[in-house]
Amino acid sequence: MNKRLAVTGNSGPKVRSDCQTELELTDDGGIVIELQSKVQVLYGESIKNQCLEILDFFGIRNAVLKITDSGALPFVISARIEAVVKQVVDTVNEFLPEIREDNKCPSKRDRFRFSRLYVPGNTPSMMINAGLHSADGIILDLEDSVAPEKKDEARILVRNALRQICFYGAERMVRINQGERGLKDLEYVIPHYANLILIPKCESSEEVKRVESKIHELRNLYHLYNEVYLMPIIESAAGVEMSFEIARSSDLIVAIAIGLEDLTADLGVTRTKEGSETLYARARIVNAAKAAGIQPIDSVFSDVGDMEALRLNVLSSKSLGFEGMGCIHPRQVPVVRQGFAPGPEEIEKSKKIVLAYDEARRNGLGVVALGTKMIDQPVVVRAQRTVDLAIRLGLLPDNWKNDIPIETE
Amino acid sequence: MINQLESEMAIPTTMNAAGREVPLEVNGKPAIPFKGVGKHKPFGNKYGPPIPSCSDFPDDGNKVVATLEEALLRCGIRDGMTISTHHHLRDGDLISNRIFELAAVMGVKDLVWFPSASFPCNDPIMKYLEDGTINRIEGSMNGPLGRFVSEGRMKGTAVLRSHGGRVQAIQDGDVKIDIAVLVAPSADAFGNARGTGGKSACGVLGYAKADSMYADKVIVVTDNLVDLPCLPAEIEGNYVDYVVVVDRIGIPEKIVSGTTRITKSPDRLLIAELTASFLEKSGILRDGVTMQAGAGGTSLAIAVFIHEILKSKGWKSKFGFGGSTKYMVEMLEQGQMGYILDAQAFDLDAVLSAGRNPNHIPYPVYNAYNYHSKGNLTSMMDIMILGATEVDLNFNGNVVTHSDGYLLHGIGGWQNCLHARNVILPLPLFRDRIPVIVDEVTTLCGPGELIDVVITERGIAINPLREDLIESVRNSGLPLRTIKELKDEAENICGKPSRPAFDDKIVAAIKWVDGTVIDVVRKIKQ
């Protein structure tokens, strides 16, 4: 590595909450920091001190660091500087911002994954408030939304985001790159408590196994005990054919998703709003997922301006058996959530089942009956989940049981 | 230089009722420190302009003169005069700059420009501040003009007033207008003028009314001379001295400014949704509600969400007070609003509606905002949606400076609107890295006792003085926080900001609605 000058980050009239850093190693003259910031008066001193601390951490004694700052938060500035340093200095050290305690929070295998909001992995302005939109998951994307030459710096940014941004209870997901690059991505996200990894363009169980074993390796190395879940994304005809095998290739898999943009390209068909051209593939994915006991998740809907079409899309998706959908704009989240939410009849039925179960427990019965119908255990579990979900979505009060007169017939 | 410095040093200052150090004299005139909301009682009589006589005006009513220059000369323009303009042509105004260009050629010095607001199109005015044609601006400073003033480059001290405060200052004689130059999209030769018609229609001329009544001399400038009578006459010809006809008073596409587009930002939409939800759950939004919302992207989105709620409940707002926009017009036309009372049309739909809908009524600021009158409209509004650059732990608000100390906005109607029943500030918790909720506002523009609710994307803080509101949403499921919690969260995310450093020199005085000085802006330390 003999590069002496490097640039990372972004600047320009439309860039917000980011900064561009240019670092040139020099032979003498100490550290020179040239800062141009939108928030100079309020944070100029603090940014300069941050720069000095990070350069010192990496043992750089002589350099010129130019920063053009459009109001970047501290974790972004750190990420940009670390990335620029790593272009000119060979180091395995990492300058880690403190981790928020609530970001260590583990996820659950069977939590709802109705809406997952994609956030480009190298665009800080879209990350900071991503958690506010009540998506079930936030996907920090290192794959398609990051330009090839920005992949390295995006990893560091995503790592810092996992440590510092509050996502308000959303599952913290990362979509890694394909192949070797994806395995390297894991080094930047697994030690920082990512809950779930999306494996793009998955076509075989081997790909999943490679990711799985890398995760085990990292967990052992860092003594991590949090579960990390996997969600392979099927985006090709070959992938569709292998979907069941993929779905049960690892215990870590909790869901399998379909990506229709790439799939339709692979099939050589045009993607339509009705989606009849991918009906087979989608039905197959749903079937594979259900057979493997995991959640089937539908593709994103790309017209962010047409909420009515999205709503219809969600309804047809739900009717096929999908249990969630990706979102590429925060405004899609409520539409998707409402679409996958249980309807009034479903809620009523679930309430009755839960009450019948309570009744059976009270009477010490092993068998749950509703009227003349026997209710299986999974149905009770499912009903309880529907009720919990209805409560979470505000469709049912917490104390709904108090409002219901106990039937004594 | 030394003399100037000494005279600046000599101005005595005092602590006003809001704890801000303010001067007892501004631009050589005595100034009254803020005494508290509703505490200052004016006395004496209103100002009266000189008595004119019909014998000095043509019997045929034709007051047209050839050029603006001639009109200014006939008005006796000279050093030190105060010249007023209104801002209904917004960023498309072609006349204000022209006045000072002419004055500079005539060699007139030390004028006071007294606009109802300034826009980026007025940046060339800086040239006349530098060459001494203008001594100072008493009105809003935006963008580069604000920067110019903040850096201490204006000779006199700026005086910032609210729209209502401006009317108060004119009425009470705090500001004596020598010449009012009032552009009008339509006017007749007698001087009757209105905001509709012609190629430069702006809707209404609410801000020009007081100027026309109280100025010594009044010039109406139009690019659409119509036959007498030009009705409805928002400016009455009886107050007008001269009428000037020019090719163009404004640039139409800039008169209707881009500020009236609904926000696309998901974060701002979230704030708007939360605001509408708060209004609904608190019971503030109800059948017969009265409301006002501005023209910012978030306010427009709130108007849309409110409209949806009114529709779904079958409710109707008694009236809305404008700044009118497309979204208010939709409420009017679809039957969810009884009337639009309008001081200012913000977009083309509003301009057109004002021209054709009998329930879209021009309503001068004169009647709506002036604190020195027998009651005014703002205190009767149920919902008031306002912005701010900063709010502090005591709910005090700032709208004129940014946290870096630079003067960058006018007050507009903001202070006047604080008298509404429920003042709601939907704000992002931080802009880029700059926290909006701070320990203490950089410049105090509105006392916290008048600000009821701050709604951010990360929670809602209700002023503890509003126990009734806190009670109304106690079990609503809304994300209620204290203002301190919000401030801490902002600082947690952004880091604790440093404060800007100022010189002692006062560059602007901020007037409260009653004409007292609530705060000052000092020169930025370079």
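The values are calculated or read from the model by the stated rules, or taken from the named source; none is laboratory data. All values reported here derive from a predicted model rather than from experimental measurement. When we count neighbours, we look across all protein chains shown, and the Cβ atoms used for this are built from the backbone with ideal geometry, even at glycine. Only protein heavy atoms, including side chains, enter the accessible area calculation; ligands, DNA and RNA are left aside. Shrake-Rupley method; radii C 1.70, N 1.55, O 1.52, S 1.80 Å.
Report the Cα centroid-to-centroid distance between segment B:487-515 and segment B:291-370 in angstrom, as an integer.
If you average the Cα positions of each part, the centres end up 33 Å apart.
Across peptide B:274-281, what mean number of C-beta atoms from other chains lies inside 10 Å of a residue's C-beta?
0
Collect residues whose amide H, placed 1.01 Å from N in the peptide plane, falls under 5 Å from the amide H of A:L370; neighbours closer than 5 in sequence don't count.
Residues meeting the criterion, in which the H sits 1.01 Å from N, are A:I375.
Relative to the first principal axis of the alpha-carbon coordinates of chain A, what is the inclination of helix A:344-362, with its axis defined by its Cα atoms, in degrees from 0 to 90 and to the nearest 10?
Helix A:344-362 sits at roughly 70 degrees to that axis.
Residues of segment A:21-62 losing 20 Å² or more of accessible area relative to the isolated chain, 1.4 Å probe, heavy atoms only?
A:K38, A:V39, A:V41, A:L42, A:Y43
Using a loss threshold of 40 Å², tell me which positions in segment A:311-343 are less accessible in the complex than in their chain alone. Probe radius 1.4 Å, ligands and nucleic acids ignored.
Residues passing the criterion (a loss of at least 40 Å², heavy atoms only) are A:R331.
Could you tell me the relative contact order of segment A:311-377? Use alpha-carbon pairs under 8 Å, at least six residues apart, and round to a whole percent. Spell out each step's value before the answer.
Details: 36 pairs, mean separation 14.5, N = 67.
22 percent.
For segment B:425-526, what does the relative contact order come out to in percent, with C-alpha contacts under 8 Å and a separation of six or more?
Worked out over segment B:425-526, it gives 26 percent.
Leaving out ligands and nucleic acids, and using a 1.4 Å probe, what accessible area per residue does segment A:44-107 come to in Å²?
41 Å²
Based on the mean of other Cβ atoms within 10 Å per residue, sort peptides A:280-288, B:99-107 so the most packed one is first.
A:280-288, B:99-107
Loop only per DSSP, at most 14 neighbouring Cβ atoms within 10 Å: give me the trypsin sites (Lys or Arg not before Pro) in segment A:1-40, ordered by residue number.
Passing both the DSSP loop test and the Cβ count: A:K3, A:R4, A:K14.
In deg cm²/dmol and to the nearest 500, what is the mean residue ellipticity at 222 nm of chain B if only DSSP H runs of at least 4 residues count, each as -39500 (n - 2.57), divided by the residue total? Mind showing how you got there, number by number?
On the way: 16 runs with 138 residues, N = 526.
That calculation yields -7500 deg cm²/dmol at 222 nm.
Take every residue in peptide B:427-434, count the Cβ atoms of other chains within 10 Å of its Cβ, and give the average of those counts.
Working: counts 0, 1, 1, 5, 5, 12, 18, 6.
Across the residues of B:427-434, the mean count of other-chain Cβ atoms within 10 Å is 6.
Counting only protein chains, not ligands or nucleic acids, how are A:F322, A:F244, B:F305 ordered by accessible area (probe 1.4 Å), most first? Numbers along the way, then the final one.
Values: A:F322 5, A:F244 80, B:F305 30 Å².
Solvent-accessible surface, decreasing: A:F244, B:F305, A:F322.
For chain A, just the Cα atoms, rotate onto the principal axes and tell me the three extents in Å, largest first.
Dimensions of chain A along the principal axes of its Cα atoms: 90, 51, 44 Å.
First select every other residue whose beta carbon is under 14 angstrom from the beta carbon of B:E280; then total the charges, Lys and Arg +1, Asp and Glu -1.
Combined, the nearby Lys, Arg, Asp and Glu give 0.
Karplus couplings for segment A:177-185 from phi (6.51 cos²θ - 1.76 cosθ + 1.60, θ = phi - 60°), rounded to Hz, Gly and Pro as x?
7, 7, x, 4, 4, x, 5, 5, 3
Long-range amide H contacts for A:E235: which residues qualify at under 5 Å (H placed 1.01 Å from N, peptide plane, sequence gap of 5 or more or a different chain)?
When sequence neighbours closer than 5 places are left aside, the close amide H contacts are A:K201, A:C202, A:G259.
Rounded to the nearest 100 Å², what is the sum over both chains of accessible area buried where B meets A, with a probe of 1.4 Å? Intermediate results must be reported in sequence, preceding the final value.
Numbers: alone 21110 and 19870 Å², together 38890 Å².
Answer for the B-A pair: about 2100 Å² buried.
Expressed as a rounded percentage, what relative contact order does chain A have, with Cα pairs under 8 Å and six or more residues apart?
11 percent
Got a number for carbon plus sulfur as a percent of segment A:214-359's accessible area, 1.4 Å probe?
Details: 3470 of 6460 Å².
Carbon with sulfur: 54 percent of the solvent-accessible area.
Counting only protein heavy atoms and using a 1.4 Å probe, what share of the accessible area of segment A:54-158 belongs to carbon plus sulfur, as a whole percent?
Numbers: 1830 of 3630 Å².
Looking at segment A:54-158 in its full context, I get 50 percent from C and S.
Just the number please: accessible area per residue for chain B, 1.4 Å probe, all protein chains included, in Å².
Details: 20100 Å² over 526 residues.
Solvent-accessible surface per residue comes out at 38 Å².
So for B:M15, B:M126, B:M328, what's the accessible-area order with a 1.4 Å probe, most first?
Ranked from most to least accessible, the order is B:M15, B:M126, B:M328.
Convert each backbone phi in segment A:13-28 into a coupling constant with the Karplus relation 6.51 cos²θ - 1.76 cosθ + 1.60 (shift: θ = phi - 60°), then list the ³J(HN,Hα) values in order as whole Hz, x for Gly and Pro.
With coefficients 6.51, -1.76 and 1.60, one gets x, 9, 7, 10, 6, 9, 8, 10, 10, 10, 10, 10, 6, 10, 8, 8 Hz.
Taking amide H positions as placed in the peptide plane 1.01 Å from N, state which residues far from B:L111 in sequence (5 or more) or on other chains have amide H under 5 Å from it.
B:G80, B:I134, B:N135
log₁₀ I(q)/I(0) of segment B:112-191 at q = 0.14, 0.18, 0.24 Å⁻¹, via Debye over equal Cα point scatterers, no solvent, to two decimals?
Each listed q corresponds, in turn, to -0.52, -0.81, -1.21.
Is chain B best put as rounded, prolate or oblate by its Cα gyration tensor, with a ≥ b ≥ c the root eigenvalues, rounded for a/c under 1.5, and otherwise prolate when a/b is larger than b/c, oblate when not? Numbers along the way, then the final one.
Working: a/c = 1.90, a/b = 1.23, b/c = 1.54.
Judged from the Cα gyration tensor, chain B comes out oblate (a/c at least 1.5, b/c at or above a/b).
If you fit an axis through the alpha-carbon atoms of helix A:40-57 and take the longest principal axis of the Cα set of chain A, what angle between them do you get, 0 to 90°, nearest 10?
80 degrees
In whole Hz, what ³J(HN,Hα) sequence does segment B:340-350 give by Karplus (6.51, -1.76, 1.60; θ = phi - 60°), x for Gly and Pro?
Each residue of segment B:340-350 in turn: 10, 9, 10, 9, 6, 9, 8, 9, 4, 4, 5 Hz.
Evaluate peptide B:489-502: per residue, the Cβ atoms of other protein chains within 10 Å of its Cβ; return the mean as an integer.
The shielding value for this peptide is 3.
With +1 on each Lys and Arg Cβ and -1 on each Asp and Glu Cβ, and nothing else charged, work out how big the dipole of segment B:389-526 is about its Cα centre, in Debye to the nearest 20.
320 debye
Assign one of three labels to segment B:391-509, namely rounded, prolate or oblate, based on the Cα gyration tensor with a ≥ b ≥ c the square roots of its eigenvalues; rounded applies when a/c is under 1.5, prolate when it is not and a/b is larger than b/c, and oblate otherwise.
oblate
Looking only at Cα atoms, what is the convex hull volume of segment B:315-447 per residue, in Å³?
133 Å³
What does the accessible area of A:Y168 come to, in Å² to the nearest 10, when a probe of 1.4 Å is used?
A:Y168 exposes around 100 Å² with every protein chain in place.
Would you please put A:19-31, B:167-179, B:497-509 in order of how densely packed they are, using the mean number of other Cβ atoms within 10 angstrom per residue and starting with the highest?
Per-residue mean Cβ counts within 10 Å order the peptides as B:167-179, B:497-509, A:19-31.
Choose one of A:A154, A:M242, B:P58: the residue whose Cα lies farthest towards the positive end of the charge dipole of the protein assembly as shown (beta-carbon charges +1 Lys, Arg; -1 Asp, Glu; about the Cα centre).
Working it through, the farthest residue towards the positive pole turns out to be A:M242.
Around A:S299, with a cut-off of 10 angstrom between Cβ atoms, what is the net charge of the other residues, counting Lys and Arg +1 and Asp and Glu -1? The partial results should precede the final answer.
Details: positive: A:R271, A:R282; negative: A:E235, A:E261, A:D262, A:D298.
Every neighbour counted, the sum reads -2.
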